[in-house]
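Below is one structure, written out as structure tokens; comments come after it.
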Amino acid sequence: MQHFRKVIGILIKLMIPLVIIALMMGIARIILDLRVVFGSPTIAAGFDLMVTNILSMFVVIELLRSIIEYFEVHRLKITFIIDAATVFVLREIMIGLYEHTLAYMDIIALAVLILIIGCMRTLAIIFSPEKVKEAEGI
């Protein structure tokens with residue numbers, strides 16, 4: 001078990017700089033895509049690409065947050081994973097609504113998914129290990 005933890009620690013240490021590089025590349029890509037916004041015939045066409053890229057950056061930021069938390073605490077907090085899933089689903093909803101490509105059944109399905117993810121997030125907070133430890137200490 002000791003070797004496993006060392007290997008996981010090394011892998012996490014290698015992942016953090018890679019994700020930071022990916023974030024910097026994403027920001028650079030957003031800056032480079034500004035010329036598409038200025039060169040597009042309509043503002044909506046240019047912003048379509050910008051909105052997609054910026055929302056994708058939020059997903060990567062949430063994943064980086066969970067990696068850093070694992071590095072510090074040595075366990076994955078389910079709330080960070082659920083946050084990343086929520087950001088990803090909201091990203092898909094916002095892109096679909098912005099591009100007018102979502103059918104009503106897709107909107108209903110995504111709304112139910114957000115409701116389920118929200119319930120999972122609430123349950124993860126209510127039954128978190130920290131709260132269980134506090135309850136046992138009382």
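Candidate cross-link partners of Lys6 among the aspartates and glutamates, defined by an alpha-carbon separation under 17 Å and a same-chain spacing of 8 or more, comprise Glu69, Glu72. Relative to the longest principal axis of the Cα atoms of the chain, the long axis of helix 104-126 makes an angle of roughly 30 degrees. Largest GNM mean-square fluctuation among Ser66, Ser128, Ser56, using the chain with Cα springs under 10 Å: Ser128.
Taking the longest Cα principal axis of the chain as reference, the axis of helix 78-99 is set at about 10 degrees. Contact order, relative form, for segment 2-137: 20 percent (alpha carbon pairs under 8 Å, 6 or more residues apart, mean separation divided by residue count). Against the empirical 2.2 N^0.38 Å (N residues), the chain has a Cα radius of gyration ratio of 1.34.
Every number here is computed from the coordinates shown, using simple stated rules; none is lab data. Values in this document were obtained by computation on a predicted structure and should not be read as measured data.
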